[in-house]
Every structure is written in C-alpha cells, then in structure tokens.
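Can you keep this structure in mind? I'll have questions shortly.
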Amino acid sequence: MSAGGGMKDMPGHVAIIMDGNGRWASLRGQPRSAGHRQGVEALRRTVRAASGMGIGVLTLYSFSTENWSRPAAEVRFLLELLRRYIRTDVADLHRANVRIMVIGDREGLEPSLRGMFEEAEALTRENTALKLVIAFNYGGRQEITRAVRALAHKVAAGKIAPDDITPAVIGNHLDTGGLPEPDLLIRTGGEQRLSNYLLWQCAYTEFVFIPDYWPDFDADRLHQAVETYRLRDRRFGGLTAQTA
Ligand code: IPE
Ligand code: IPE
Ligand code: MG
C-alpha cells in the first residue's frame, strides 16, 4: 500500500548499480569484455529513458574503489570503455541538455582521465534537463572519510566549531553535496547488497533488485522499477496517513 492509498510522484533521483555484465557474457560463451561493451548500450538506453521520463538525477555506479582488485586487463578495458563513452557521447548529451557530474575519488587518477571529467562537467554545467552523475572510483566509505577529513581540517583551522557539524553539514561535504538523496535504488544482476554505494545517501532510499543482467536493462525495466517504487509506502520512521 502506498501512503494515503495514492500513487507517489516520479522519483526525483534514481541511482543504479549496473551489475551482471560478466555473467551476461559468460552465459553466451563470450569474454567478460563483451558484457561490458553491451553494458554501455544499456547505459545509453537508460539515460535516454530517464531523460524522457523526467527523472531529475540519475546516478550510475560505473567503477568502485574495490574494482581495482580485478585483473589488470579487465580494469584497463573498463577505463578505456569509459574514456570512449565520454569521447563519443558528450556532444550528444550536451545537445540533449544533460548535465554531467562525476563523483568518486579523483586523487591518483590519470591526469588525462581527470581532464576528460573536468571538460565534460564544464561543458554541460549550465544544462537543465537530466543530471547524469557518474560514480567512478567511487566508494561510500571513502567518500565519507574524505568528508570527515575536510571537516576536521575546517575545525582545526577554526573555520567551524565541532558543534556546528550536523547531518546536513556532513551531507554537503560529500561528493553528492547539493544533490537530493536517491528516492529509488535499482540493482541489476540479482545480488542484494550495496557494495559500498551511496552509504550515507541511501538512509531512506527504496531498493528494487532486478534479476536480469545489466546488458539486458532497458526502458521497460526502468518503467517497471519506477512503478514498483510508486506503490511503496515510504514512512521515514513516521506513520502512514491511514494509520496516523
Ligand atoms: C558490472 O558488471 C560492471 C562493473 C562492476 C564494472 P560485473 O563486471 O560486476 O559483472 P558480474 O557481476 O561479474 O557478472
Ligand atoms: C558493484 O558491482 C560495482 C559496480 C557496479 C560498478 P560489483 O560486481 O563490483 O559488486 P560485488 O563485488 O558483487 O559486491
Ligand atoms: Mg558484479
């Protein structure tokens, strides 16, 4: 049942864990890289669909801080795929009025990759349709740690007092500072875990787990997940209208 018995609005912020590329490929007797390549097609479909549905923010988990532990060849392939995606798609995204943002730790990344992120962000900064947030070299614990360090430096420099630190202040020091929290989190690939994604931000997010592998994700599956979300009863610790 939904709150008050009615359908909720569209989710303003949808976050996705794009999982299952490797298994999609293995099932077809193909190398994992083939799954990643098809995963980019699913990503393109999803960005188009989200734009068309009027979703405000779409945050995609493209590479975690833990994904560096994969074989070097796969890591290299994933990084090259991201570079190619940015190179080929940024102009189209810009024309579609999409604003690109990248979250995650940029420290230690190759300067040329950082440069691409900065250029894409600068080019699309004024765009007002979908905000496409790419989580790259992203880990929720690392993000929170960076925020805590930044706050500690401010306290040490006398810029803020320890008692000024509130949940809102912490939230604003995260990479996602200024963005709304995700309303809906979708994970494909059947696993039901967060894998270090948006730990702070997902305090009251609705989770939808989909068995299909990411390369099979499409507009229909996005619509289905959104419909599931809209039937959920979000209580935020309170009571629903009919039981209040
Ligand atoms: C998601 O697919 C892509 C990344 C994590 C970069 P996987 O590569 O994790 O595919 P599975 O989960 O092994 O099938
Ligand atoms: C999460 O998927 C990271 C991304 C989708 C980028 P993983 O495949 O890395 O997660 P685990 O290892 O199954 O938890
Ligand atoms: Mg996986």
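The values are calculated or read from the model by the stated rules, or taken from the named source; none is laboratory data. In this text the structure is predicted, and so the values were computed from the model without any measurement. Cβ atoms come from the backbone with ideal geometry, glycine included; neighbour counts cover every protein chain shown. Each accessible area value is taken on the protein alone, full model and side chains, heavy atoms only, with ligands, DNA and RNA left out. Shrake-Rupley method; radii C 1.70, N 1.55, O 1.52, S 1.80 Å.
What is the extension gain from residue 224 to residue 106, computed as 0.36 nm multiplied by their sequence separation minus the C-alpha to C-alpha distance, in nm to one decimal?
39.1 nm
With each label point set 7 Å from Cα along the Cα-Cβ vector, what nm distance links residue 26 and residue 233?
Placing both labels 7 Å along Cα→Cβ, they lie 3.9 nm apart.
For the chain, what does the relative contact order come out to in percent, with C-alpha contacts under 8 Å and a separation of six or more?
33
Roughly how many debye, to the nearest 20, is the charge dipole of the chain about its Cα centre, given +1 on each Lys and Arg Cβ, -1 on each Asp and Glu Cβ, and no other charges? Kindly include the intermediate steps, with their values, before the conclusion.
Details: 31 positive and 29 negative charges, 53 e Å.
With only Lys, Arg, Asp and Glu charged at Cβ, the dipole is about 260 debye.
Out of the total accessible area of the chain (probe 1.4 Å, heavy atoms of protein only), what percent is carbon and sulfur?
Roughly 52 percent of what the probe reaches on the chain is carbon or sulfur.
While we're looking at this one, here's another question. What share of Cα pairs, in percent, lie more than 20 angstrom apart in segment 10-169?
Counting every Cα pair in segment 10-169, those more than 20 Å apart make up 58 percent.
While we're on this one: Specify the residue with the greatest mean-square fluctuation among 212, 164, 19, computed from a Gaussian network of the chain linking alpha-carbon atoms under 10 Å apart.
164
Probe of 1.4 angstrom, ligands and nucleic acids ignored: what's the accessible area per residue over the chain, in square angstrom?
50
Ok, one more. Could you tell me which GluC sites (Glu not before Pro) in segment 117-217 are loop residues by DSSP with no more than 10 other beta carbons within 10 angstrom of their beta carbon?
Here the sparse-neighbourhood loop sites are 126.
Hey, with R₀ at 25 Å, roughly what FRET efficiency would residue 44 and residue 207 work out to, going by the Cβ-Cβ distance, to 0.05?
It comes out at approximately 0.55.
A further question on this structure: Using the Karplus curve 6.51 cos²θ - 1.76 cosθ + 1.60 with θ = phi - 60°, what ³J(HN,Hα) values do you get for each residue of segment 150-164, in whole Hz, with x for Gly and Pro?
Karplus values, whole Hz, x for Gly and Pro: 4, 5, 4, 4, 5, 5, 4, 7, x, 7, 9, 8, x, 6, 7.
Using +1 at the Cβ of each Lys and Arg and -1 at the Cβ of each Asp and Glu in the chain, identify which of 72, 130, 180 lies farthest towards the dipole's positive end.
The listed residue farthest towards the positive side: 72.
What order do you get for 101-110, 51-60 when each peptide is scored by the mean count of other beta carbon atoms within 10 Å, highest first?
Top to bottom by mean Cβ count within 10 Å: 51-60, 101-110.
Once phi is turned into ³J(HN,Hα) by the Karplus curve 6.51 cos²θ - 1.76 cosθ + 1.60 with θ = phi - 60°, what whole-Hz value does each residue of segment 171-187 show in order, with x for glycine and proline?
x, 6, 8, 7, 4, 8, x, x, 8, x, 6, x, 7, 10, 10, 10, 10
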